[in-house]
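All remarks here apply to the structure that follows.
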Amino acid sequence: MKNEIENIIFSRFVNQPIPFEILSIEKFYKKFDQTLFDLSKPHRIEFHALIIIIEGESIHEVDFKKEILSPGIVLPLIKNQVHAFSKEPTVKGYVISFEESFITQYLNEKNLFHFLHIYHTPSIIVGKENLLQLNPFLQILINLQIDPNTNLKAELVNSTFMALLFNIKRLSIYQHKIFKSQRFKDFTHFQQLITQHYHETHNVKDYAHKLAISYKYLNDICKEISKKTAKEFLDSWLLLEIKRNISENKYTSQEIAYKMGFNEPSNFIRFFKKFMGITPNQFQKIK
């Protein structure tokens, strides 16, 4: 039987006065080597993170997809994703880990929009030639981390990290489409509601009602931002979460079916097979 996917909470490997840590990739690997935790083994994180690649090339697996890491790549990692690092460190750069609430609690509405916009992007290309412009912010974060003075430390870390994110967004080679603030806010709220109520309903109209918006408007913003209809977006989220649950090897198909809000296991199997072409049990065997 394959190993179970572990859920990694922030405090398990981080011992900082505030829920934020920045490490070079080299120190990041050494830290986990000392704990005997295998980073190449798929694991689900219960916090947010950011990987910045300075040198070298590698592969990072995110939710069953492989991302190529090379100089100038910035990879936002989101809570509840399943990750697997390469076995050996073949890249140089930084890994920043933090609790989302630590960042968002200090943000005004405009900055929260930018934070969510960045963390809605799977991979960001800054460009190798622009990496030097990120160094001042990275160095300030490193210095703050080792500074024993805790006076206003959380506020300084927060503002410096947001400045780093702003520069990443500004320097990005990929021209991010700028969505209207309210439409993007409604879309992210839709995402949040799915994570809270997926076990209760798979009906998009129910989510539109909870948002106090029309089904047509919800469908329009989903197509604009995700290139999917609201139903397609909901189905794709359900499918990904099902794959995560299957890969954990902790639950039977029937348990996952009820956990994911399917009234009958047969409906769950039919849903999964519609998109994957195989049954949940067959998927489990190949993972």
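Every pair of different Cα atoms in the stretch 150-240 enters the Kirkwood calculation, which places the hydrodynamic radius at 15.2 Å. Once a ≥ b ≥ c are taken as the square roots of the eigenvalues of the Cα gyration tensor of the chain, is the result rounded (a/c under 1.5), prolate (a/b larger than b/c) or oblate (a/b not larger than b/c)? Oblate.
The distance separating the Cα centre of the stretch 221-287 from that of the stretch 106-166 comes to 34 Å.
Out of the DSSP beta bridges found with both residues in the chain, what percent are antiparallel (nearest 5)? Looking only at bridges with both residues in the chain, the antiparallel portion is about 90 percent.
Per-residue ellipticity at 222 nm from helix content only, as computed over the chain with -39500 (n - 2.57) for each DSSP H run of at least four residues, stands at -15000 deg cm²/dmol.
Each residue, residue 193 and residue 68, gets one label point 7 Å from its Cα in the Cβ direction; the gap between the two is 3.9 nm. Taking 0.36 nm per residue of separation and subtracting the Cα-Cα distance, full extension of the segment from residue 217 to residue 24 would add 65.1 nm. Students often get this wrong: which residues of the stretch 92-133 have the backbone nitrogen under 12 Å from the point 7 angstrom along Cα-to-C-beta of residue 143? Once the point is set 7 Å along Cα→Cβ of residue 143, nothing inside the stretch 92-133 turns out to lie under 12 Å by backbone N. Given a 10 angstrom Cα cut-off, can you work out which residue in 128, 30, 110 is the most mobile in a GNM of the chain? Judging by the Gaussian network model, the answer is 110. Distance between the 7 Å Cα→Cβ label points at residue 87 and residue 255: 3.0 nm.
Annotation: extensible slack from residue 281 through residue 163 equals 37.9 nm (criterion: 0.36 nm per residue apart, minus Cα-Cα distance). Separation of the alpha carbons by more than 25 angstrom is noted, of 66/153; 92/153; 30/79; 79/243, for 66/153; 92/153. Helices assigned as whole DSSP H runs in the chain whose Cα atoms extend at least 20 Å along their own long axis and whose mean Kyte-Doolittle hydropathy is -0.5 or higher are found at 153-171, 230-247. The relative contact order of the chain, computed from alpha carbon pairs under 8 Å that lie at least 6 residues apart in sequence, is 16 percent. How high is the relative contact order of the stretch 147-287, in percent, with contacts defined as C-alpha pairs under 8 Å that are six or more residues apart? It rounds to 17 percent for the stretch 147-287.
For the chain, the dipole from Cβ point charges (+1 on Lys and Arg, -1 on Asp and Glu) about the Cα centre works out to 800 debye, to the nearest 20.
Read-outs: derived from the displayed coordinates by stated rules, not from any lab. These figures come from a predicted structure and were not determined experimentally. Cβ sites come from the backbone with ideal geometry, for glycine too, and all protein chains shown count toward neighbours.
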